1. Just to be sure before I move on: is Ser61 without any contact (Cβ under 8 Å) to a residue 60 or more places away in the chain, closer than 30 Å to Thr177 by Cβ, in contact with a strand residue (DSSP E or B) (Cβ under 8 Å, 6 or more places away or on another chain) and open to solvent by less than 70 Å² (accessible area, probe 1.4 Å) in the structure I sent?
2. Can you tell me which residue in segment 16-54 is most open to solvent (accessible area, probe 1.4 Å), limited to those that are under 21 Å from Gly95 (Cα atoms) and touching a helix residue (DSSP H, G or I) at 6+ places or on another chain (Cβ under 6 Å)?
3. Of the residues that make up segment 77-88, is at least one open to solvent by 10 Å² or more (accessible area, probe 1.4 Å) and either under 19 Å from Thr23 (Cβ atoms) or in contact with a His (Cβ under 7 Å, 6 or more places away or on another chain) (or both)?
4. Out of the residues in segment 193-211 that are assigned to a loop (DSSP other than H, G, I, E, B) and either aromatic (Phe, Trp, Tyr) or open to solvent by 50 Å² or more (accessible area, probe 1.4 Å) (or both), state the one that is nearest to Gly34 (Cα to Cα).
5. If I ask for residues that are open to solvent by 60 Å² or more (accessible area, probe 1.4 Å) and within 21 Å of Leu30 (Cα to Cα), which ones from segment 154-192 would you list?
6. Quick one: count up the residues across segment 2-15 that are open to solvent by less than 80 Å² (accessible area, probe 1.4 Å) and either at pLDDT below 95 or in contact with a Lys or Arg (Cβ under 9 Å, 6 or more places away or on another chain) (or both).
7. Would you check which residues across segment 152-184 are at pLDDT below 90 and among the β-branched types (Val, Ile, Thr) and list them?
8. So Gly116 fits all but one of (1) in a strand (DSSP E or B); (2) under 12 Å from the mean Cα position of the chain (by Cα); what number is the exception?
Amino acid sequence: MEKQISYKVTNTYTTLNVFSEKTQNVWIVLHGLGYLSRFFLRYFDELPPDENYIIAPQAPSKYYLDKKYKYVGASWLTKENTALETDNVLAYLDGVYKAENIPPRCRLLIFGFSQGVSIVARWVAKRQLKCDHLVFYAGEVPREIAANDFKFLNQNQTKITVIVGNKDEYLTEQRLTDISKRIQVVFEGRAEQLVFEGGHEVRKQIINGLI
């Protein structure tokens, strides 16, 4: 018999640059499968540091990436107890968001890469989280999310950008087509879709171009 308990959990997150009066853009960036947040921040280190403050939450489930038990990565979710784990992850993100106390004067960008896209989509949709720019990079919107879940973004005039490589090894040509069609449906034609020459990879020049 599987039982359930509730208990207090502490997790970390990492930031890049120093928040100040000069800060214009605050980023919340969610890494993909196998990353740690402190290493994922390297993709954002060419953004002007005075103007950009980056917050990188850490996926809770850590594991060894190699048989030598040297390198560690992390995962946001699996197919096991997905609904429960989603609640836990979203509660953690709520905590990060509250702790950072982002002032209204700053432009908020929420960015997800690969597996991080599914978490960003659920968080923004379920919390009706207002942001200035929503970025999905090399990932898919979860099937349970519908266009109605994102309608509030229209009122907020949120910019939506979807990025994918045309040679992404995790996406067949048919799947790329299906993802593109679903993006059109979910965001009712408001999303800008960018396809670059490359695979399942984060490119700094693309991130730099988002601002």
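1. Details: without any contact (Cβ under 8 Å) to a residue 60 or more places away in the chain: yes; closer than 30 Å to Thr177 by Cβ: no; in contact with a strand residue (DSSP E or B) (Cβ under 8 Å, 6 or more places away or on another chain): yes; open to solvent by less than 70 Å² (accessible area, probe 1.4 Å): yes.
No.
2. Looking at residues that are under 21 Å from Gly95 (Cα atoms) and touching a helix residue (DSSP H, G or I) at 6+ places or on another chain (Cβ under 6 Å), I get Leu16.
3. Taking every residue of segment 77-88 in turn, none turns out to be open to solvent by 10 Å² or more (accessible area, probe 1.4 Å) and either under 19 Å from Thr23 (Cβ atoms) or in contact with a His (Cβ under 7 Å, 6 or more places away or on another chain) (or both).
4. Glu201
5. Those that are open to solvent by 60 Å² or more (accessible area, probe 1.4 Å) and within 21 Å of Leu30 (Cα to Cα): Lys159, Glu169, Tyr170, Glu192.
6. At the first step, the residues of segment 2-15 found to be open to solvent by less than 80 Å² (accessible area, probe 1.4 Å) are 11, 13-15.
Adding the requirement that they be either at pLDDT below 95 or in contact with a Lys or Arg (Cβ under 9 Å, 6 or more places away or on another chain) (or both) leaves 14.
Residues in segment 2-15 being open to solvent by less than 80 Å² (accessible area, probe 1.4 Å) and either at pLDDT below 95 or in contact with a Lys or Arg (Cβ under 9 Å, 6 or more places away or on another chain) (or both): 1 in total.
7. Within segment 152-184, Thr172, Thr177, Ile179 meet the criteria.
8. It is condition (1) that Gly116 fails.
The values are calculated or read from the model by the stated rules, or taken from the named source; none is laboratory data. Just so you know, these numbers come straight off a predicted model, no measurement behind them. Glycine gets a Cβ as well: all are built from the backbone with ideal geometry, and neighbour counts include every protein chain shown. Ligands, DNA and RNA are stripped out before the accessible areas are found, and what is left, the full protein with its side chains, is counted by its heavy atoms. Shrake-Rupley method; radii C 1.70, N 1.55, O 1.52, S 1.80 Å.
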